[in-house]
Structure formats: structure tokens, C-alpha cells
Amino acid sequence: MIETMNANRIARLYRWLEYATFGNALQQRRTAFLADVADARRVLLLGDGDGRFLEKLVGQNPQAHIDYVDLSRRMLALARARAGTGRVTYHQANALDIALPERGYDLIVTHFFLDCFDEAGAARLVERAALAACPNARWVISEFRRTWWSPPLLAGLYLFFRITTGLKTRRLIDHHPLIARYGFRVVRSESAWFGLLTSELWAVMEPESAKHRPKR
Ligand SMILES: C[S@@+](CC[C@H](N)C(=O)[O-])C[C@H]1O[C@@H](n2cnc3c(N)ncnc32)[C@H](O)[C@@H]1O
């Protein structure tokens with residue numbers, strides 16, 4: 001099993017470090033399109049960490065059944081304490097190899113998670129999530145984006161995660177072409193911090209046949 005990182009050591013401090021660095025900006029990105037997906041029924045939430053988004057999703061979305069997947073035992077415990085167990089199934093697992101139902105989800109969510117992977121890892125993750133998505137699925141993403149001024153900040157963030165979690169990834173990939181290969185298109189997006197932070201709502205816009213056949 002290829003492990004991306006071990007977030008156990010930073011799990012409890014994670015949100016405080018985030019608030020100290022970005023204030024409430026990351027949580028605003030995570031929740032930007034929450035109302036747009038209030039009708040989701042089967043949700044795959046990958047690498048959600050301490051469950052601050054999960055808690056909002058459970059509160060906002062009265063009918064969804066949610067599969068939460070995170071490698072970190074401590075992150076999972078924080079998420080469970082925050083969001084409860086009513087409609088959430090918690091999986092302490094690697095998103096790169098957990099068994100996922102084919103076409104099982106109408107909503108995929110990845111917040112500040114694709115940035116944990118190099119190009120090959122992200123491609124594999126995206127493929128797995130896309131194949132687990134049903135024909136009219138949506139995908140909510142928050143991410144960092146490269147801007148002309150961001151390299152020192154991103155380098156600092158990657159250094160921090162390398163030291164504290166063993167993260168191997170050293171640079172931010174562009175997730176757009178990876179997701180577009182499966183027929184998803186951005187239907188809404190918002191950015192903050194002068195383009196550093198993005199929230200995106202993606203939906204499958206192409207015929208079913210295109211979705212599972214990556215474009216070359
Ligand atoms: C940078 S944190 C982001 C957490 C949260 N999504 C957020 O918005 O802050 C990355 C999270 O992904 C988890 N993670 C990293 N690699 C993973 C993998 N291969 N499979 C599942 N979870 C993983 C970590 O344990 C951590 O909780």
C-alpha cells in the first residue's frame with residue numbers, strides 16, 4: 001500500500017494551524033457550494049480530515065448517506081466526534097486502494113486533498129473516484145491553485161507537511177485535465193486569496209459513454 005502521508009501527529013492541531021494561517025478562508029472554500037448539493041443521496045468524501053466539512057454536510061443534507069474515507073485514525077476519530085454516526089460510514093483506508101462501488105455515488109467531495117498527490121497518484125485517485133460516480137454525478141472540490149505569487153507559500157506548506165506528516169509530494173499539480181478526462185466540467189467556481197484558493201462544482205456534462213472512457 002502506498003501511503004501518501006501520516007496526519008495522525010497533526011490531527012488535533014490541524015484546524016488551529018489552518019486558522020492561524022488562513023483564518024476562515026479554507027472553510028469558506030469547503031462550504032461554498034454546499035447548498036448546491038443539498039439533494040445528494042450517496043456521497044463519497046475522500047481525505048476529509050477532521051470532519052469540519054462533514055459536519056456541515058450532515059447538517060445541510062438530511063438524506064445523504066456518506067462514505068468518509070481517511071488514512072488517519074486520529075483524523076477519523078475527530079470527524080466521528082464532530083459529525084456522529086447516523087448517516088456516515090467511516091473508513092480508515094487509503095483512497096488509492098479502498099474498494100469502491102461502481103457508479104455508486106451521486107456526489108464526490110475532495111477538499112484540499114488532491115494536492116497531497118503527485119501527477120500519477122492524482123490520476124489514479126481521480127480515475128477511481130470517477131468510476132465510482134454515477135452518470136449524473138457532481139464533484140465538489142476545494143484546492144490551492146498556482147498563481148504568480150504563490151510559489152514561496154506553497155513551498156512552505158509542502159515543507160511543513162513533509163516534516164510533520166512525511167508527505168512526499170513536493171509540488172501542486174493541476175487537477176483540471178485529470179478530472180475533465182472523465183467527462184466532468186466545471187459548472188460553478190469561486191476563488192479567494194487572489195486566486196490561491198478555489199472552490200469548484202463539477203458535473204458530468206458528456207454522454208455516459210464518454211465518462212468512463214478517458215480522453216487521450
Ligand atoms: C491536507 S489534509 C486535508 C484535510 C481536509 N480535507 C481539509 O479540507 O482540510 C489531507 C487529509 O487526507 C488524508 N489522506 C492523505 N492521503 C490519503 C490517502 N491516500 N487516502 C485517504 N486519506 C488520505 C490525511 O490523513 C488528511 O486527513
**Prompt:** For the chain, what Kirkwood radius comes out of the mean inverse Cα-Cα distance, in Å?
**Reply:** 17.3 Å
**Fill in**
Exposed GluC sites (Glu not before Pro) being those in a DSSP loop with at most 15 other Cβ atoms within 10 Å, the longest stretch of the chain free of them is 103-216
**Request:** Within 10 Å of each residue's Cβ, count the other Cβ atoms and sort H111, H65 from fewest upward.
**Result:** H65, H111
**Request:** Rank G195, G86, G183 by mean-square fluctuation in a GNM of the chain with C-alpha springs under 10 angstrom and give only the top-ranked residue.
**Result:** G86
**Message:** Given Cβ point charges of +1 (Lys, Arg) and -1 (Asp, Glu) and nothing else, what value in debye, to the nearest 20, does the dipole of segment 73-170 about its Cα centre take?
**Reply:** 360 debye
**Request:** Could you tell me which chymotrypsin sites (Phe, Trp or Tyr not before Pro) in segment 164-194 are loop residues by DSSP with no more than 16 other beta carbons within 10 angstrom of their beta carbon?
**Result:** F194
**Fill in**
Residues whose modelled amide H sits under 5 Å from the amide H of R42, counting only those 5 or more places away in sequence or on another chain, are H65, D106, L107
**Prompt:** Stretch L159-A38 to full length: gain in nm at 0.36 nm per residue minus the Cα-Cα span?
**Reply:** 39.9 nm
**Request:** Only bridges with both residues in the chain count here: give the DSSP antiparallel percent, nearest 5.
**Result:** 45 percent
**Request:** At 7 Å along the Cα-to-beta-carbon direction for both N94 and R146, put a label point, then send me their distance in nm to one decimal.
**Result:** 2.7 nm
**Request:** Apply 1/(1 + (r/R0)^6) to the Cβ-Cβ distance of E102 and F194, taking R0 = 45 Å, and write down the FRET efficiency to the nearest 0.05.
**Result:** 0.65
**Request:** Starting from segment 14-81, pick out the trypsin sites (Lys or Arg not before Pro) whose DSSP state is loop and whose Cβ has at most 16 other Cβ atoms within 10 Å.
**Result:** R41
**Request:** Calculate for the chain the 222 nm mean residue ellipticity that helices alone would give, adding -39,500 (n - 2.57) per DSSP H run of length 4 or more and normalising by residue count, nearest 500 deg cm²/dmol.
**Result:** -9500 deg cm²/dmol
**Request:** Can you tell me the dipole magnitude for the chain around its Cα centre, using point charges on the Cβ only (Lys, Arg +1; Asp, Glu -1), in Debye to the nearest 20?
**Result:** 240 debye
**Request:** Could you run the Karplus curve 6.51 cos²θ - 1.76 cosθ + 1.60 with θ = phi - 60° over segment 197-204 and give me ³J(HN,Hα) per residue in whole Hz, x for Gly and Pro?
**Result:** 10, 10, 10, 9, 10, 10, 9, 6
**Request:** DSSP loop (so not H, G, I, E, B), at most 13 other Cβ within 10 Å: list which trypsin sites (Lys or Arg not before Pro) in segment 92-128 pass both filters.
**Result:** none
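Values quoted throughout were computed directly from the atomic coordinates according to the rules given, and no laboratory measurement underlies them. Worth saying up front: this structure is predicted, and the values here are computed from it rather than measured. Cβ sites come from the backbone with ideal geometry, for glycine too, and all protein chains shown count toward neighbours.
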